[in-house]
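Have a look at the structure below before the remarks.
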Amino acid sequence: MRQALFFLVWGLLTIQLFSKTVYITPSGKKYHTETCVNRGNNSSAIDLKEAVKKYESCNVCKPLVLSSTNFFS
């Protein structure tokens, strides 16, 4: 029973991580949360899974930081 509960919770957390939306600016090299002051008016929404492959996390808003290792491939 504990093992089943563990996998259920782990699965739900994994789904949330993969569906997290962050924002990037056209000329920026970092990704931001929706409420970040550095996000600007001309930002685009992108999935966190894709953002970690090309961008760094913002030092101001500190969005979720994930590795772009094979785990996400």
ask   = By the scheme Lys and Arg +1, Asp and Glu -1, what is the net charge of all other residues having a beta-carbon under 11 Å from that of Ser57?
value = +2
ask   = Around Ser57, which amide H atoms from residues at least 5 apart in sequence, or from another chain, sit under 5 Å from its own amide H, with H modelled in the peptide plane?
value = Tyr31
message = Within 15 Å, Cβ to Cβ, of Gly40, how many net charges do the neighbouring residues add up to if Lys/Arg are +1 and Asp/Glu are -1?
response = +2
task = Using a 10 Å cut-off on Cβ atoms, rank the peptides 32-45, 50-63 from the highest mean neighbour count down.
result = 50-63, 32-45
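None of the figures in this text is laboratory data; all of them are computed from the coordinates on show. It should be emphasised that the depicted structure is a prediction, and the values quoted were computed from it without experimental measurement. Cβ atoms come from the backbone with ideal geometry, glycine included; neighbour counts cover every protein chain shown.
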